[in-house]
Amino acid sequence: MSVNIAIFASGRGSNAKTIIEYFQDHPSIEVSLVISNKIQAPVLEMARSKGVSTLLIDRQGFYNGQSLLQVLDEFQIHLIILAGFLWLVPGYLIQAYPERILNIHPALLPKYGGKGMYGRHVHEAVKAAGERHSGITIHLVDEEYDRGKILFQTTCALTESDTPETIAQKIHKLEHEYFPLVIQQFIEERYSTEIEAAQS
Ligand code: GRF
C-alpha cells in the first residue's frame, strides 16, 4: 500500500513534472493521478508520458462532485496537490479531504493572493510594488482563495532590473526545489502508519 497523490493542474505543469519525477522511485508515495480542467494543458501529455493516469474535468463535473469523488476513491487518493490549478476548490472536496489539499502560491502570502492573483498577475503586482523580495507559499486549502494555513514559505531577493518574467523564473526555481520536499515531509508526518505498512 502506498500514499497516493492526485495533482490538479491547469497549465504547463512544471511543478507537476518535478513532483512526479521526485516520487517516481519512492517505495511508499506515488503520484497516481493528474487532473486538469484544460484539454490542451501540456500537463496532461507530460503526465501520460510518465505513465501517470490522467483525467479531464469540466466545470459542471467539478462543482457537482459525485463523479470526481468516485474517481478519487477508485484511485485511493490520500492527498490532493494543487499545482497551478485555477478553479476555486468547492466545499464538498475540502470536506472530503480535510487538511489534505495543498496549494502552492508564487508569492509571499498573505500579500499578493486572492481572486485574480495567479501566474503573471502576481509577478506584475510584486514588480509594481517595488518589492525587494518575493517567494513561495505552500499552504492548506480552505474555501477561500489563498487563505488556508501556511505550511512553508521561502524567499528570493529581487533587484530593480527584475521583470515579471525574471521574477517568474526565480519563483519557479524555488517551487521546483521545495514543493516535492514539503509534500514529502507533510506525508511523513501525517501518514507514518501507511508508510511503515508499505515498507514492512
Ligand atoms: C506556479 O507558479 C504556481 O505557484 C502557481 O501556478 C504556477 C504553475 O506553474 N500556482 P507550472 O504549471 O507548474 O509550471
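Structure data summary
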item: Extreme residue, nearest to residue 91 (Cα to Cα), among residues of region 129-149 that are away from the ligand (no atom under 14 Å from the Cβ) and of a type in the set (A, V, I, L, M); result: 140
item: Number of positions in region 83-107 that are surrounded by fewer than 20 Cβ atoms within 10 Å (Cβ to Cβ) and within 16 Å of the ligand (Cβ to nearest atom); result: 3
item: Any hit, region 11-23, residues being farther than 19 Å from residue 104 by Cα and either assigned to a helix (DSSP H, G or I) or more than 16 Å from the ligand (Cβ to nearest atom) (or both); result: no
item: Selected residue (criterion: least open to solvent (accessible area, probe 1.4 Å)) from residues of region 56-80 that are over 15 Å from the mean Cα position of the chain (by Cα) and either closer than 13 Å to residue 16 by Cβ or charged (D, E, K, R) (or both); result: 58
item: Verdict on residue 128 being small (Gly, Ala, Ser) and under 23 Å from residue 38 (Cα atoms); result: no
item: Residues within region 163-193 that are farther than 16 Å from residue 2 by Cβ, among the β-branched types (Val, Ile, Thr) and open to solvent by 20 Å² or more (accessible area, probe 1.4 Å), tallied; result: 2
item: Condition broken by residue 28, with the remaining ones in (1) open to solvent by less than 80 Å² (accessible area, probe 1.4 Å); (2) within 15 Å of the ligand (Cβ to nearest atom); (3) in contact with a helix residue (DSSP H, G or I) (Cβ under 8 Å, 6 or more places away or on another chain) satisfied; result: (2)
item: Per-region count, region 1-10, residues more than 16 Å from the ligand (Cβ to nearest atom) and open to solvent by less than 20 Å² (accessible area, probe 1.4 Å); result: 2
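The values are calculated or read from the model by the stated rules, or taken from the named source; none is laboratory data. Note that the coordinates shown come from a computational prediction; the quantities given were computed from them, not determined experimentally. Virtual Cβ from ideal backbone geometry, glycine too; neighbours counted across all protein chains shown. For the accessible areas, the whole protein counts, side chains as well, though only heavy atoms, and no ligand, DNA or RNA atoms are used. Shrake-Rupley method; radii C 1.70, N 1.55, O 1.52, S 1.80 Å.
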